[in-house]
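Only one structure is covered here, and it is reproduced in the block below.
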Amino acid sequence: MGKKILLVVSLVVLCWLPGIEAASTITNTADLVYSDYLGGTYTDAGTCTLVKMVIKVVIKKQARNITRGGTYTDIAKGLSNDVIEYCVLLTNTGQDAAGTVTIADTLPTDVTFQPDSYGSGTGIKVDGTAQTNAKDADKANYSGGKITVGKNEAGDNGNQGTISIPGGGKVTILYQVKIN
């Protein structure tokens, strides 16, 4: 009899800047007063403007059973050898772009990554474009049981392709696993 597994997928906030509801401009002025040795007094001012950005990225992860023809859901059901496709949706509900976005997903030990889901050596899709599984010039890789998408700030996660999400924009990431 096949092994049954229940995959539970949840909604997680990836990045949120609290208290920022709308873009605004903040002006700050530093005043300088000084005197010379003859008693003259002088003043000057330096002004700096800060634009408060609105960036709010949320992540939603769902799964569907490819083998049994399921639709994306927060709780996917499957048996041993069923193929499950994960869909990770990143949405920037803010007004300004989120740059250098990186996501990492360590897969459970009860599943096996399917490295050729979208073509030979391409087991990950980012916005409909197949990515190689290797640490190379594209936006994604699979290594050590973990899917990584987007180049991180340090540049040490193996991806050379960066992901940014414009204000109001979305990024969709797909990959498949087989239930052990």
* Asked: Right, T49: part of a strand (DSSP E or B) and more than 24 Å from T172 (Cβ to Cβ) or not?
  -> yes
* Structure fact -> Note on the stretch 82-106: residues modelled with pLDDT under 95, within 22 Å of G144 (Cβ to Cβ), surrounded by 15 or more Cβ atoms within 10 Å (Cβ to Cβ) and of a type in the set (A, V, I, L, M, F, W, C) are V101, I103
* Is one or more of the residues making up the stretch 147-170 closer than 20 Å to I66 by Cβ and out of contact with any Ser or Thr (no Cβ under 9 Å at 6 or more places or on another chain)? -> no
* Go through the residues of the stretch 67-82 one by one and say whether even a single one is assigned to a strand (DSSP E or B) and of a type in the set (F, W, Y). => no
* What residue, among those in the stretch 35-69 that are within 19 Å of F113 (Cβ to Cβ) and either under 22 Å from the mean Cα position of the chain (by Cα) or not polar (S, T, N, Q) (or both), is surrounded by the most Cβ atoms within 10 Å (Cβ to Cβ)? -> A63
* From the residues in the stretch 135-165 that are closer than 18 Å to L90 by Cα and among the small types (G, A, S), which one is modelled with the highest pLDDT? -> A140
* Asked: Any chance the stretch 24-33 includes a residue that's in contact (Cβ under 8 Å) with a residue 24 or more places away in the chain, in a strand (DSSP E or B) and not β-branched (V, I, T)?
  -> yes
* With respect to T41, determine if the residue is out of contact with any Cys (no Cβ under 6 Å at 6 or more places or on another chain), closer than 29 Å to G167 by Cβ and at pLDDT 70 or above. => no
* What pairs can you find where one residue is in the stretch 116-136 and free of Cβ contacts under 8 Å to residues at least 12 places away in the same chain, the other is surrounded by fewer than 16 Cβ atoms within 10 Å (Cβ to Cβ), and their Cβ atoms are less than 6 Å apart, with a gap of 6+ or different chains? -> T132/G121
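The values are calculated or read from the model by the stated rules, or taken from the named source; none is laboratory data. The structure displayed is predicted, hence computed values, not measured ones. All Cβ positions, glycine included, derive from the backbone under ideal geometry; neighbour counts span all protein chains shown.
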